[in-house]
Amino acid sequence: MNIAVGSDHAGFEKKQRILAWLGEKQYTYFDFGTYSADSVDYPDYARAVANAVAQGKFEQGILLCGSGVGVSIVANKVKGIRAALVFNPEIARLARAHNDANIMCLPARFMSDADMLQCLENWFAASFEGGRHAQRVSKIELDATCLAPYHNQAS
């Protein structure tokens, strides 16, 4: 499996641990940066990873920032991306199995190394279950005009 990886400065140290883990597991990966703990803007790295995954150059992506929120917001603006903010191992499994997420976003400042590595294990061990989840996932890319109109539920 080919994995795109990126982080801002807050995620740099944890990203180094992830790259080592990917290498140990013999995954192919590309590090989109950042390459130090010097302050950078997370949208630059999140967009690069998301675009690479959306274009099919990579099967999955991993993004890190301090909270994981910023990179997930940026990645989800790219058509075809389903980036999940993953904060524990069960969420990692469910994001793949139920949401067919293709980018895992991790909150570097709020996770232990052990939990982060278990998230990676669960993420890569899981696969999309399809079934009832497939219809729901297909609605993610729908244009808002295709959805049922909003009905005001006045009380």
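The values are calculated or read from the model by the stated rules, or taken from the named source; none is laboratory data. Since this is a predicted model, take the numbers as computed values, not measurements. Neighbour counts are summed over all protein chains in view; Cβ atoms, including those assigned to glycine, are modelled from backbone coordinates with ideal geometry. Ligands, DNA and RNA are excluded from the accessible area calculation, which covers all protein heavy atoms including side chains. Shrake-Rupley method; radii C 1.70, N 1.55, O 1.52, S 1.80 Å.
At a glance:
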item: Close pairs (7 angstrom Cβ cut-off, 6 or more residues apart or separate chains): closer than 17 Å to Gly70 by Cα in segment 1-16, of a type in the set (Lys, Arg) and assigned to a helix (DSSP H, G or I) anywhere; result: Val5/Lys15; Ser7/Lys15; Ala10/Arg109
item: Number of positions in segment 38-58 that are without any contact (Cβ under 8 Å) to a residue 40 or more places away in the chain and surrounded by 14 or more Cβ atoms within 10 Å (Cβ to Cβ); result: 8
item: Exclusive hit being of a type outside the set (A, V, I, L, M, F, W, C), open to solvent by less than 50 Å² (accessible area, probe 1.4 Å), in contact (Cβ under 8 Å) with a residue 60 or more places away in the chain and touching a helix residue (DSSP H, G or I) at 6+ places or on another chain (Cβ under 8 Å), set Gly61, Gly33, Gly66, Gly70; result: Gly70
item: Single condition Asp143 does not satisfy, out of (1) open to solvent by less than 90 Å² (accessible area, probe 1.4 Å); (2) modelled with pLDDT of 65 or more; result: (2)
item: Asn102 being among the polar types (S, T, N, Q) and closer than 20 Å to Gly130 by Cα; result: yes
item: Subset of segment 96-117 [in a helix (DSSP H, G or I) and without any contact (Cβ under 8 Å) to a residue 40 or more places away in the chain]; result: Arg96, Ala97, His98, Asn99, Ala114, Asp115
item: Out of Gly6, Gly23, sole residue that is among the small types (Gly, Ala, Ser) and closer than 18 Å to Asn102 by Cα; result: Gly6
